[in-house]
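The values are calculated or read from the model by the stated rules, or taken from the named source; none is laboratory data. This is a predicted model, so every value here is computed, not measured. Here the Cβ positions follow ideal geometry from the backbone for every residue, glycine too, while neighbour counts run over all protein chains shown. Only protein heavy atoms, including side chains, enter the accessible area calculation; ligands, DNA and RNA are left aside. Shrake-Rupley method; radii C 1.70, N 1.55, O 1.52, S 1.80 Å.
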Amino acid sequence: PFLKTGVMSANLKISGNEDSIVHFTAETLTRQVIHPKPIDTLRKENGSYKVELNYRHPTIISFFIPHASRPRNLYVYVMPGDSLSIHYDFDQFMPGGDKPLCQFRGSNAAGHTFFYDYSFVPPIDHMPGLFQLIGQSSADDLLSNILAEIQRQHAPLDSLLEQQEIEATFYQIVSFRIQATLLNGAIGRFFARKSSLGLTNYSYAEKVEIVR
């Protein structure tokens, strides 16, 4: 159950882009089941784009940000009562990369920064480590190696929760997204090699654990 109530809001400011329209969708989450809403349009008002939603459940807001050469998607997770300010700047970049700078203030800001900077969508930057493990691991140590690699990539989120920089509900939602994304890729590669790895040596419980 989610105990927080109230309107959730996200205020988006964009630099380095003259377009005056941003599209977005909002998908509510109940027990990790996504309930999509229709695509909607935001128009710039007083220099920014504002979304206000009165849903009872955590919600994924997906912004579709137009740009002449670099259109982008931006995903944020908000809960009832949350207020989030976002500055998306096409003229500056995140440290050590070529992604536009995105700064967050407000509810779970540190968690949003982590999720954006880590680029889970698409997850192509984070699959090679898992694929390499699957290619090099024996059937005996494959499962433990996969879980250890996922935990390694997940560790910064654990740290944010321990430092009380993010709320438990935000942690649960983002944690599920991270692990599901990485596991889906790992499982696909794993079962593609099941014959050479001797899958029949795994117990039923171990196979279930892999899928989980």
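In a DSSP loop and with at most 10 other Cβ atoms within 10 Å, the GluC sites (Glu not before Pro) in region 15-100 are E18.
Legend: residues V76, V7, sorted from most to least accessible area (1.4 Å probe; ligands, DNA and RNA excluded), read V7, V76.
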